[in-house]
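Peer 1: This is the structure I have questions about; it appears just below.
Bear in mind these aren't lab numbers, they're just calculated from the coordinates by the rules spelled out. Bear in mind that the values here come from a model prediction, so they are computed numbers and not experimental data. Note that each Cβ is placed from the backbone with ideal geometry, even for glycine, and that neighbours are counted across all protein chains shown.
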Amino acid sequence: ENEEDFMMGKPPIQQDYALFLKFEHVGDRDDFIRAEDADRLRTSRKSQQCVELAVIGSGVPIKLSFSRGKVLKFKACLLGERIDTLCTLTNDSELLPLTFNFRKISHFSACPAKGKVQLGGSQDVIFSFAPHQIGTFKMKQVIEFIGQTTESFVSLKTKVFQEMSLSLTGVCKSVTNAVVLKVSPGITPWVSNPTGHYVHVAPDEKENYIGFTRASMANATQIGIHSQQKVGILEKDVQIAFPNDRSASIRPSDRQKKYRTIFTKVERYSYVDPDFAFTDEEEAKRQIHKEHYAKYIVGIREQRVKEEQDREFEELNNPVDIGLKSACGLVPPKISLKELIQSQLKPQITPSSKGCLLTTQKLASEEQRSLFREFTEGLSAIPIGAQEKEECSLKLTPKQLHQVVIGPSLIEFGQVCICSISERQMYIINNLPKFIWVQLEIDCKELQQTSPLSHVLPPTSKTRIPVVLETTTLGDFKKSINYTVNTRHTGHVMVTSTVVPVALDLSTEELILKPIPGLLIESGFRTTLTLYNRRNHPADFCWKPKIRDKGIAFSIRPARGTVEEFSDLDCEVVWHPGFSSPEEGEFSLFVQGGSTLKLNCIAQLGTISVQFTEEKILFSQTPLGITTWKPAFLQNKGNNHAYFQLLDMTPVPGMTVVPSQGVIPVGGIAKIDIFFTPNEIFKFDSKLE
């Protein structure tokens, strides 16, 4: 981008990119192993073909504008007030949307703090100024733009990729309150003079306040004509009362404090109102209440200080800091370059090379260190270098064999399904300061997918081998994997498993369906049934109903499907109600490659209350040979849908009643049509059931 445009505030222009990626085939792993010399490998590489891929892209700048500009000035306000201003953010880009986030700052806030502006769209943001102290504030509001960034060459991560700032300015003024004279609580002076001040003073400080009251200008404190009998030295906690205080109107704020007159030094009379003053028990309760909350506040502070000390101890309690806080006066030692090179070249002597006995404690410490060691991938299958060939041909001592860990000694797969593929990890840990060569031998077809079978482990390293099991035979499986270390020392690892067929479990074998209030008549009775697959292979299933003489009124969805390994699937069971619908049904669950399960379904009908709106229907005098129509109504006063059927559709010769069956919803009415065409003269009185 142009530097002059950047200084003038102009947005950067769009930048287009174009590049070519070249893909070249260099051979597979087997060709590399079988290559005997470098010339042959180099010749084969020259004959390989390559493919080029053109990649183009465009870098679009951020174009975000503010309706109020990048400088917002708020009006002056008092402490505790709040001022809001509206600003509109506009995305001027026509290619990409923007996701923004306002960083938190003191005294200012933005609502919403996060959001997304579509391409060519806008977003209203309210900036608020709520000061917490008095002064002039000039803050910098940072706007973060969030998007996909490249942390590595294989993955993307959502984080902040660019920032923009706004200038916010606000002034908080102080509140001016009128100054009110403070008078000692409980004392009501008779005259309006400065006697209300400096009442609670100690006797040894009363000389500093003589000039503030007119009644004490005679300096009578230096003569003893008014003094009563002196009894030793006055207590230190005694307060001085000025002479113009009326004793009859004094109600002390604290009964424990003692007041004496300024001249005679006698105890001043304190009036306690028995109707409004606290009793001794109430005063004691108040004091206990104050002490309780004082202890509570002190306890919270001690707990907070202890948590801070524990947190600081956990941060510093490690092998690097060893409990010492950094930058606290300790100066690290200066190591010269010569000493550093000598320490790196000095060989590290392991316990196995000292000639001492290998203890259980040393073995446990080495295994503990190996747990935090990273796995070494891409190891060689055979020794290549001269050092590797020499060390991989050595015979290890029993003490050295104890430092080579291959395991676990028993690999349990548990229950696995037939024709399924299961994987477990086998670990090889080399705690020796030399190379070792570990080879695996597998003589069963169920473990043939385990690879690689040969590893050359560097000193103090570890690796893992995926052991893959695939069997087609039911029953218990027990095989061993033989291994050799440096082609001299042998051992084996046992592999066990129980091969079982694919199976599904039902949440219940007898499913009861009840009416659900609020559902329509067409919805029927509904509930769910859960199929559980607790094994390591997907299970294909199919539902098949058992058709009886009355048929079946139940249905299950989905009727067929697949339940993935170690998961479950919910099936919906529906009973389609009707007067002739059977209330019981049976389904068979067929699992491909597994056993068949049975499911019984029962529909429980709720209580109903149905009656005719009119108990009698009068046809009176009906003309001979002419059809007369009369309606009848059935009303459902219950809490469940009702299903009815007429027992006799022709109760009288020439009379027809329709419909024969029907449904009455909750609180609804069903209509029944009665048609009567007499062919002869007669009287009748019949019942319709």
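Peer 1: Amide H to amide H, which residues 5 or more places from Arg268 or on other chains are under 5 Å from it, using H placed in the peptide plane?
Peer 2: Residues meeting the amide H criterion: Tyr259, Arg260, Thr261.
Peer 1: Further question on the same structure: Among 56-69, 562-575, how do they line up from the highest to the lowest mean number of other beta-carbon atoms within 10 Å?
Peer 2: 562-575, 56-69
Peer 1: Past 27 Å, Cα to Cα, is the threshold; run Lys75/Lys116; Lys514/Lys546; Lys399/Lys445 against it and keep the listed order.
Peer 2: As for pairs spanning more than 27 Å Cα to Cα, those are Lys75/Lys116; Lys399/Lys445.
Peer 1: Now a separate question. For segment 404-416, take each phi angle, set θ = phi - 60°, evaluate the Karplus expression 6.51 cos²θ - 1.76 cosθ + 1.60, and give the result in whole Hz per residue in order, putting x for glycine and proline.
Peer 2: Result, ordered by residue: 10, 9, 10, x, x, 5, 10, 9, 9, 8, x, 7, 10 Hz.
Peer 1: Give me the net charge of Gly323's neighbourhood, meaning all other residues with Cβ under 15 Å from the Cβ of Gly323; Lys, Arg count +1, Asp, Glu -1. Walk me through the intermediate numbers first.
Peer 2: Details: positive: Arg311, Lys325; negative: Asp310, Glu312, Glu314, Glu315, Asp321.
Residues close to Gly323 contribute a combined charge of -3.
Peer 1: Leu511: net charge of surrounding residues, Cβ under 13 Å, Lys/Arg +1, Asp/Glu -1, itself excluded?
Peer 2: Surrounding charge for Leu511 is -4.
Peer 1: Oh, and also: Convex hull over the alpha-carbon atoms of segment 407-510: what's its volume per residue in Å³? Spell out each step's value before the answer.
Peer 2: Values: hull volume 10.9 nm³, N = 104.
In segment 407-510, the Cα convex hull volume per residue is 105 Å³.
Peer 1: Based on alpha-carbon centroids, what's the gap between segment 504-573 and segment 413-443 in Å, whole number please?
Peer 2: 42 Å
Peer 1: Would you kindly derive the ³J(HN,Hα) couplings of segment 583-592 from the backbone phi angles with the Karplus curve 6.51 cos²θ - 1.76 cosθ + 1.60 (θ = phi - 60°), listing them in order in whole Hz, with x for Gly and Pro?
Peer 2: 8, 10, x, 9, 10, 10, 9, 9, 10, 5
Peer 1: If you don't mind, another one. How high is the relative contact order of segment 383-530, in percent, with contacts defined as C-alpha pairs under 8 Å that are six or more residues apart?
Peer 2: 25 percent
Peer 1: Quick one: order Asp275, Asp124, Asp16 by neighbouring beta-carbon count within 10 Å, fewest to most.
Peer 2: The fewest-first ordering by Cβ neighbours comes to Asp275, Asp16, Asp124.
Peer 1: Could you give each residue of segment 84-90 its phi-based ³J(HN,Hα) in whole Hz, using Karplus coefficients 6.51, -1.76, 1.60 with θ = phi - 60°, and x for Gly or Pro?
Peer 2: 10, 9, 9, 9, 10, 9, 10
Peer 1: In straight Cα distance, which lysines are under 16 Å from Lys630, not counting same-chain residues fewer than 8 positions off?
Peer 2: Lys630 reaches Lys616, Lys671, Lys687.
Peer 1: Quick one: of Lys173/Lys295; Lys73/Lys104; Lys257/Lys295, which pairs are farther than 30 Å apart, Cα to Cα?
Peer 2: From the list (Lys173/Lys295; Lys73/Lys104; Lys257/Lys295), the Cα-Cα distance tops 30 Å for Lys173/Lys295.
Peer 1: Here is the link list: Lys114/Lys157; Lys63/Lys140; Lys157/Lys325; Lys70/Lys159; Lys395/Lys462; Lys338/Lys462. Which ones come out longer than 26 Å on Cα distance?
Peer 2: Violating the 26 Å limit, Cα to Cα: Lys157/Lys325; Lys338/Lys462.
Peer 1: Calculate how many DSSP beta bridges within segment 357-500 are antiparallel, expressed in % of all such bridges and rounded to the nearest 5.
Peer 2: Counting DSSP beta bridges with both partners in segment 357-500, the antiparallel share is about 85 percent.
Peer 1: Could you work out the mean projected area of the convex hull around the alpha carbons of segment 64-173, in square nanometres to one decimal?
Peer 2: It is 7.4 nm².
Peer 1: Another question, then. Using amide H atoms built in the peptide plane, which far-off residues or other-chain residues are under 5 Å from Met655 H to H?
Peer 2: So Met655 has HN proximity to Thr677.
Peer 1: Let me ask another. Put +1 on the Cβ of every Lys and Arg and -1 on every Asp and Glu Cβ in segment 505-603; which of Phe566, Ile547, Thr528 then has its Cα farthest towards the positive end of the dipole?
Peer 2: So the residue we want is Ile547.
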